[in-house]
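In what follows, a single structure is set out as C-alpha cells and then discussed.
Coordinate-derived values only; no laboratory data. Here the structure is a predicted model, which is why all the values come from computation and not from measurement. With ideal geometry, Cβ positions are generated from the backbone for all residues, glycine too; neighbour counts draw on all protein chains shown.
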Amino acid sequence: MGRGKVELKKIENPTNRQVTFSKRRMGLFKKANEVAILCDAQIGVIIFSGSGRMYEYSSPPWRIASVFDRYLKAPSTRFEEMDIQQKIVQEMTRMNDERNRLRMIMAQYMAEDLASFSVQDLSNLEQQIEFSLYKVRLRKQELLDQ
C-alpha cells in the first residue's frame, strides 16, 4: 500500500525539521550515489541547511571541485539564453513605458486647444514635430535608397 501525499510546507518544530532535513539529505545523497554507480556519471551535490551549514556529496568522493569546475566550464547556452531573455524583457518594459508616456503626451496635445498653450509650450511642440518630421524623412530616404 502506497503512502499518501505529504503537504509541502515548512516544518515549524525545529527538532522535527532537523530530523527531516537529515533524513532527506541522506536520501538525496543515496539517490545521487545510485545514479553515479548505475550510469557511470560524475555527480556533485551541495546542500546548505537552514542554519547555513554546508553538506556535500560527490562521485568520485574526492572530486567535488572537479565536478563543479566542469560545470562552470561547460558551454552553457541556457545561462546566456536566460540573460538574453532578461534583457529582452527589460527592453520591452522600457519600450512599453516610453510608448505609454508618448501616448499620454499625444493625448494631451490632441485633447487640448492650442490656444491654451504658452509660447514656450508651442515652441517645444514645434521642435518635437520638426524632429519627428526629420526622422520620417530620413526613414523614407532609407527605404527609397534600398
- Taking the chain as a Gaussian network, where each spring joins two C-alpha atoms under 10 Å apart, which residue of G44, G52, G27 fluctuates the most? G52
- Task: Report the FRET efficiency, 1/(1 + (r/R0)^6), for K30 and M95, where r is their Cβ-Cβ distance and R0 is 35 Å, rounded to 0.05.
- Result: 0.10
- Of E142, E7, how do they rank once you tally other Cβ atoms within 10 Å and put the fewest first? E7, E142
- In nm, to one decimal, how far is the modelled label at I88 from the one at R139, with both set 7 Å along Cα→Cβ? 2.3
- Considering Cα pairs under 8 angstrom that are at least six residues apart, work out the relative contact order of the stretch 14-74 and quote it in whole percent. 23
- So which DSSP H runs in the chain come out at 30 Å plus along the axis (Cα) with average Kyte-Doolittle of at least 1.6? none
- For the pair K73 and Q146, what calculated FRET efficiency results from E = 1/(1 + (r/R0)^6), where r is the Cβ-Cβ distance and R0 = 41 Å, to the nearest 0.05? 0.35
- I11 versus F131, label points 7 Å from Cα toward the beta carbon: distance in nm? 6.2
- the chain - percent relative contact order, Cα under 8 Å, separation 6 or more: 9
- Item | Projected-area mean, the stretch 14-74, by convex hull of Cα positions, square nanometres | 4.6
- Exposure proxy check on E34, E12: fewest-to-most Cβ neighbours within 10 Å is E12, E34
